[in-house]
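Down below is the structure, laid out as C-alpha cells.
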Amino acid sequence: MGRPLIHRSPMPGLGLSMGITLTMLSLVVLLPIGALLWRGASFGPGNIWEVVNRPRVWAALFLSFRLSLLAALFNLVFGVLLAWVLVRYRFPGRRLLDAAVDLPFALPTAVAGIALTALYAPNGFFGAPLAALGIKIAYTQWGILIALIFVGLPFVTRTVQPVIGEIDREVEEASATLGARRLYTLRRVIAPMLAPAALTGFALALARAVGEYGSVIFIAGNIPLVTEIAPLLIVIQLEEFNYDAATAIGIAMLLISFAMLMAINLIQVWSRRRIGHV
Amino acid sequence: MSDATLPLPAVVRPCRRFRAPTDEAPAARRLLIALAVVGIAVLVLAPLIVVFAEALADGVAASLASLTNRDAHSAIRLTLTVAAITVPLNAGFGIAAAWFITKFDFRGKSFLITLIDLPFSVSPVVAGLCIVLTFGANSAIGGWLVAHGFPVVFALPGIILATLFVTFPFVARELVPLMVEQGRAEEEAALTLGASGWRVFRTVTLPNIRWALLYGVLLCNARAMGEFGAVAVVSGKIRGQTATMPITIEMLYNEYLSVAAFSLAALLTLLALVTLLIKTALDIRHADALAATPAH
C-alpha cells in the first residue's frame, strides 16, 4: 500500500488534535487495559484457568451472561415496539414517554438499584402484592433480570427510532398495493429494514448488562452460586487484595464480551449482505 | 398524509374514519400504545417515584436534616469536584478527537474510533480494576507516585481517572457523526480568506457544533456524577474523604439509614431529571443541529 500514513491537508491543528487524542487515549484507556493484560500474562494462562474454573466463578459468569441475554432480548422486542409507537403514532403524552425512555441513561445506577429494591422487596409497592401471590422478585434472579432490563432499556429504542423515521412510506404503499396484508408488510418489508439497527441496539444493551454492577448488587441478594454476578466477584477479590484472582476474572469477562460483540458484528455483516443495504 | 396519494375506490362506503392500508388497525394501534405506556410506567416511572416517596417517608424535615451533616456535604462536594474536573477534560478530548478524525485522512481511522468506543464494552468494575492495577501502590507507576507523595488509588486522582475512563467516548461520539456530515468546506473557505486556525475553530466550527457539544457534555456530566461501579473499586470508600454521592448512598443504605440514602439519591435523581429536561428541550429546538445522531 503506497498510501501515506496521514494525507497532507491544509487544515490546521493536526499536531495539537492528534497529540491530545493519542495522549488521552493512551493514558486513560490503553495504559490501564494494558496493565490488566500485562498482569494477566505474568500470572499465566494456566493460573487464570485455575481461578476461573471453579464452580462459584462459573456460576457467576453463566448467570451474568444468561440474564444479560434474556434482558437484552426483552429490550429488543420492547424497544422496537416503543420506537414504533413513538415515531408512528400521535397521542397525548408522547413527548413525556419519549423523554422517559432516556431516564435509565441519566439516573445513576446506585439510585436505580436501591429504588428497584425498595419497589420489589417483599414489603415494596410491587413486591407486597406479588409476595401475597407467592412470587418473590427481589433477592432472586428475577430481581437481577429486572435491573438489567432497566439499564438496557433505551439502547434499542434509540438506535431504531431514526431508522423508522426515515422509512419511505411508498415502500409500504407498494407492498399494500401488491396485495400484502399489513402484518405481512411489517414482517417482510419493515422488519428487515430495522434489523441492523435493532441488532446494534441489542449488542449495546447486552454489553451494558454483562458489565452492570451498581443497579444489580442491591436487588440481587448476592448469594454465591445463586444470585452472585461476575462483576461482584471481582470486587470481592479486590477487597481481599487478591489482585491476581480479580485480574483472572476480569480478563475472562473481557474475552467473553469481546467474543460476543464480534459474533454480533459477524451476524450484522451477514444480515446486511443477505438483505442488502437499506 | 398518505391518504392523499392513494386513489380512493369508486364507491366510497360511508365509514367514520378512512384507514390507509399502510396503517395498523385502530385496535392494534391502541394495544401497542397501551403496552408502551404501561411498560414505561412500570419499568421506569415507578422506580423514579419510589426514590422520592422513600426520601420523604418521614417527612420533608427528616429528609432535609439527613442532607445537612458533614459526610453528606463532603460527598456532594467531592462529586461536584470530580464532575468539574472530568467533564471539561472529556469535552476537550472529545473536540480534539472529533477534529482529528473528521478534518484529516489517515490510516487506521476506524481502528481509532473503535479504541475510543472501547470503554463502552468494558464493565465499570473491570475499568476500576485496570486503574488499580496501573496506579495501585503495588504497581511500578503507582509505587513511584506514592513514594513521591502522590497517591492515585484510594484518592481523588483515582476517582477522576476511573470517571474519565467510563465517560471517555461520550463527547466524541456526539461530535464525530455531526462533523462528518458538515464536511470541511466552511473551514476551508475561512482558511482561504486568511483566518488563523484558532479563529476558524472559534468562529466557524464551534457555532456549528455547539448544541451537539452541549448534548455530549450533559450526558457526560450525568454519568460522571452518577458513576458507581468503577469509583467503588478505586475510591476505598473513606467516609468524608473519598466517598462520592453514589458511594455514600450505598453505605447509608447498607446501614439501613433508608431516609438518608434515598434523600441523597433524590438529589441525584433531580440532577437526572434536569439533564433530561435540557436534553428534551435541545431535541425539540435544535433537532437539525443534532441531526447526525450517532449512527452506530
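Quick note: the coordinates plus some simple rules give every number you see, no bench work behind them. Nothing here was measured: the structure is a model prediction, and the numbers come from that model. FYI the Cβ positions are ideal-geometry reconstructions off the backbone, even for glycines, and counts take in every protein chain you see.
Tabulated results
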read-out	value
Extreme residue, positive dipole direction of the stretch B:202-296, given options B:ALA272, B:VAL259, B:ILE284 (C-beta unit charges)	B:ILE284
Contact order relative to length of chain A, as percent, for alpha carbon pairs under 8 angstrom and 6 or more apart	28 percent
Sequence-separation-based contact order of chain B, relative, with Cα cut under 8 Å and 6+ spacing, percent	28 percent
Coil-residue chymotrypsin sites (Phe, Trp or Tyr not before Pro) of the stretch A:75-110, DSSP, other Cβ within 10 Å capped at 16	A:TYR89
Shielding by partners, peptide B:103-110 (average Cβ within 10 angstrom, other chains)	5
Exercise: per-residue mean of other protein chain Cβ atoms within 10 Å, B:225-231	6
Cα coordinate range in the stretch A:78-194, projected on the principal axes (Å, largest first)	56, 31, 26
Whole-number D in µm² s⁻¹ for chain B, Kirkwood Cα-pair radius fed into Stokes-Einstein, 20 °C, 1.002 mPa s	94 µm²/s
Largest to smallest principal axis extent of the C-alpha atoms in chain A, angstrom	72, 67, 34
Cα gyration tensor shape of the protein assembly as shown, rounded if a/c is under 1.5, else prolate or oblate by comparing a/b with b/c	oblate
DSSP H segments from chain B that extend 30 Å or more along their own axis, Cα-based, with Kyte-Doolittle mean of -1.0 or above	B:70-103, B:258-285
Cross-link partners of B:LYS103 among aspartates and glutamates (Cα-Cα below 12 Å; sequence separation of 8 or more within a chain)	B:GLU181, B:GLU186, B:GLU187, B:GLU188
Choice from A:GLY15, A:GLY214, A:GLY134 with maximal GNM fluctuation in chain A (Cα, 10 Å cutoff)	A:GLY15
In the stretch A:169-278, the trypsin sites (Lys or Arg not before Pro) that fall in loop regions by DSSP, at most 14 other Cβ within 10 Å	A:ARG181
Per-residue [θ]222 nm for chain B (sum of -39500 (n - 2.57) over DSSP H runs n ≥ 4, rounded to 500)	-21500 deg cm²/dmol
Relative contact order (%) - criterion: Cα under 8 Å, at least six apart; region: the stretch A:54-136	10 percent
